[in-house]
1. Can you pull out the residues in segment 124-136 that are free of Cβ contacts under 8 Å to residues at least 40 places away in the same chain and either in contact with a His (Cβ under 7 Å, 6 or more places away or on another chain) or open to solvent by less than 50 Å² (accessible area, probe 1.4 Å) (or both)?
2. Before we move on, is Glu280 open to solvent by 40 Å² or more (accessible area, probe 1.4 Å) and assigned to a loop (DSSP other than H, G, I, E, B)?
3. In segment 137-180, what residues are open to solvent by 40 Å² or more (accessible area, probe 1.4 Å) and among the aliphatic types (A, V, I, L, M)?
4. Counting just the residues of segment 80-123 that are at pLDDT 95 or above and in contact with a Phe, Trp or Tyr (Cβ under 6 Å, 6 or more places away or on another chain), which one comes out surrounded by the fewest Cβ atoms within 10 Å (Cβ to Cβ)?
5. Would you be able to say whether some residue in segment 24-31 is of a type outside the set (Lys, Arg), modelled with pLDDT of 95 or more and either closer than 20 Å to Gln547 by Cα or open to solvent by less than 30 Å² (accessible area, probe 1.4 Å) (or both)?
6. If we scan segment 253-263, do we find a residue that is crowded, with 16+ Cβ neighbours inside 10 Å, modelled with pLDDT of 95 or more, in contact with a helix residue (DSSP H, G or I) (Cβ under 8 Å, 6 or more places away or on another chain) and in a loop (DSSP other than H, G, I, E, B)?
7. Somewhere in segment 384-402, is a residue closer than 20 Å to Leu299 by Cα, crowded, with 18+ Cβ neighbours inside 10 Å, charged (D, E, K, R) and in contact with a Lys or Arg (Cβ under 9 Å, 6 or more places away or on another chain)?
8. Residue by residue through segment 214-252, note down the ones that are acidic (Asp, Glu), assigned to a loop (DSSP other than H, G, I, E, B) and surrounded by fewer than 14 Cβ atoms within 10 Å (Cβ to Cβ).
Amino acid sequence: MKILQVAIRAVLASQVMALALVDAWGETPKADVVVYGDASGGVVAAVQAARMGKSAILVSQYGHLGGLTSSGLGWSDIGNDKILGGLSREFYHQLYLHYQKPEAWVQQKREEFGNKGQGVPGLNEKTELASVFEPKVAEAVFDAMVKEAGVRVVKGRLDLEKGVMKDGTTITGIRLEDGTVIEGKVFIDASYEGDLMPLAGVSFVTGRESNSEFDEQGNGNTGVAKKNQLPNGIDPYVVAGDASSGLLPGVNPDLGGEKGEGDHRLQAYCYRMVLTDVPENRIMIEKPDGYDEADYEILFRAMEAGQKGGFFKLSPMPNRKTDSNNNGGISTDYIGMNYGPDWDWSTLDHEEREKLAAKHRDWQLGLVWSVQNHPRVPEPIRKAYAPWGLPKDEFTDNGHWPYNLYVREARRMRSDFVMTENHCKRTLPVEDPVGMGAYTLDSHNTQRVVHNGMVKNEGDIQSYLGGKAYGISYRSLVPKAEECTNLLVPWALSATHIAFGSIRMEPVFMILSQSAATAACMAIDAEIPVQDVPYDKLRARLVADGQALGVLPME
């Protein structure tokens with residue numbers, strides 16, 4: 001622990017992040033365990049494999065480690081901190097230790113920090129866990145963990161056309177865009193998109209299942225959303241009251257289906273903006289290039305209909321920074337813009353994703369600029385939001401903007417076992433848990449529609465589980481044996497849309513990734529498919545490593 005704290009301080013002092021860890025390859029790189037995806041779960045998977053004595057390669061798409069956890073999601077969605085164990089707990093504990101040091105507090109004093117978190121104290125003295133933290137500190141912790149474990153990191157992105165080589169049901173290697181081939185014994189797909197799966201011939205789905213398919217209540221078309229909804233009275237037409245002028249940008253004429261029906265739609269994405277009101281650490285946001293007032297017409301009409309605030313969250317992180325997530329009916333979510341009739345985020349190539357991510361960035365920059373400056377925004381609102389800008393000391397090589405778009409869902413594997421709403425609510429048992437979740441069944445809005453002559457949102461679900469933890473099956477992390485026998489998928493796992501809405505939280509991603517890496521190492525040692533790893537032996541090792549798995553049988 002002390003060694004890690006020294007490494008964390010060194011990284012923060014030098015501002016040398018994951019790019020400094022990238023190897024230069026002189027020959028075909030090989031490892032026992034190859035992890036694709038540099039998000040929090042990918043880091044944890046690679047570290048676990050290395051700590052178990054296996055050679056591990058972590059492929060970093062962004063050159064910065066941690067995904068959303070180090071890209072602005074500083075208010076962790078945990079639900080119940082008793083689910084944390086092993087490396088996930090170690091991560092949050094290292095953050096806690098960092099903020100016990102006086103030198104960690106630069107823009108404010110420790111006693112000035114309100115210490116609020118997502119249902120628990122942000123810096124919890126009882127558990128010694130920090131669930132609220134700055135992105136640069138989170139990245140420094142991940143960098144230190146990787147360096148201490150001896151994980152080899154290579155920067156690169158998967159070739160999305162011919163990126164997987166197989167021999168029967170066994171992946172033998174993956175190919176990156178630059179032609180680099182990385183060979184391994186077991187592979188872990190830790191990407192938010194689940195990009196390895198289709199190339200490996202693994203079944204998957206996107207969009208929302210119907211409620212009837214798995215006997216659920218919260219899946220499919222929601223009808224007009226109850227929460228995160230627009231105020232009444234917003235006219236849907238370009239020229240108010242004139243249907244012949246056409247619908248406002250991003251508004252559909254109707255729901256596009258009956259309530260509970262499945263469809264292709266994805267819940268909205270956004271960036272978790274990091275803002276600050278400290279003048280000496282602040283860069284004010286300018287109107288983005290290509291700004292079009294028409295894109296914010298719903299925002300202006302919402303204000304005219306009486307909305308006075310809540311356009312984005314200002315959840316406080318240490319040193320007077322914020323985790324500014326979506327908040328309400330018109331906010332940072334770019335609703336309906338991550339899919340179309342014949343495409344979605346997962347079907348795009350890397351360059352197309354970059355362009356779409358830039359549109360999300362510019363939407364949010366334009367939103368902030370509008371509420372601070374636009375003449376159609378009432379002066380009290382402009383004054384209320386005026387203090388906020390981007391922090392100079394975050395994302396210093398990316399224009400002080402987060403590296404990762406919040407890809408809330410994309411592909412989901414379809415294996416022999418599917419996690420559903422009923423498993424999350426514990427009305428169906430999970431006999432082989434390798435991690436636990438506890439957060440709300442949570443989906444953001446998917447579209448804007450005309451309803452009763454007004455613009456309304458559809459897709460929001462927030463079904464609270466009361467903080468009760470549920471088990472997540474090992475079988476939901478492995479593909480069908482006839483498709484692939486040496487791949488594990490801890491993020492884009494086999495789950496329905498609404499079950500995934502709870503499982504997708506970053507702490508759970510880390511938990512499942514440690515379990516996936518443990519199973520990978522055991523499969524290598526026994527020379528067996530990942531589907532055949534004995535659960536009793538896997539569970540014993542996970543418990544020995546501190547994972548929280550609950551008591552069997554789970555009911």
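The values are calculated or read from the model by the stated rules, or taken from the named source; none is laboratory data. Here the structure is a predicted model, which is why all the values come from computation and not from measurement. With ideal geometry, Cβ positions are generated from the backbone for all residues, glycine too; neighbour counts draw on all protein chains shown. The accessibility values were calculated without ligands, DNA or RNA, using every heavy atom of the protein model including side chains. Shrake-Rupley method; radii C 1.70, N 1.55, O 1.52, S 1.80 Å.
1. From segment 124-136, those free of Cβ contacts under 8 Å to residues at least 40 places away in the same chain are 125-126, 128, 130; that's our starting set.
Listed by number, the residues that qualify are Glu128, Ala130.
2. Values: open to solvent by 40 Å² or more (accessible area, probe 1.4 Å): yes; assigned to a loop (DSSP other than H, G, I, E, B): no.
Here the answer is no, as Glu280 does not meet what is asked.
3. If the condition is that a residue be open to solvent by 40 Å² or more (accessible area, probe 1.4 Å) and among the aliphatic types (A, V, I, L, M), then Leu160, Met165 are the ones that fit.
4. Ranking the qualifying residues of segment 80-123, first place goes to Leu123.
5. First, pick out the residues of segment 24-31 that are of a type outside the set (Lys, Arg): 24-29, 31.
Okay, now just the ones that are also modelled with pLDDT of 95 or more, so 31.
Pick out the ones that are also either closer than 20 Å to Gln547 by Cα or open to solvent by less than 30 Å² (accessible area, probe 1.4 Å) (or both) and you get 31.
Yes, the conditions are met somewhere in segment 24-31.
6. Initial filter on segment 253-263 (crowded, with 16+ Cβ neighbours inside 10 Å): 255, 257, 260-263.
Now narrow it down to the ones that are modelled with pLDDT of 95 or more: 255, 257, 260-263.
This time we only want the ones that are in contact with a helix residue (DSSP H, G or I) (Cβ under 8 Å, 6 or more places away or on another chain), so: none.
Scanning segment 253-263 turns up no residue that is crowded, with 16+ Cβ neighbours inside 10 Å, modelled with pLDDT of 95 or more, in contact with a helix residue (DSSP H, G or I) (Cβ under 8 Å, 6 or more places away or on another chain) and in a loop (DSSP other than H, G, I, E, B).
7. The answer is no; no qualifying residue exists.
8. Filtering segment 214-252 for residues acidic (Asp, Glu) gives 215-216, 235, 242.
Subsequent filtering for residues that are assigned to a loop (DSSP other than H, G, I, E, B) retains 215-216, 235.
Scanning segment 214-252 gives a single hit, Asp215.
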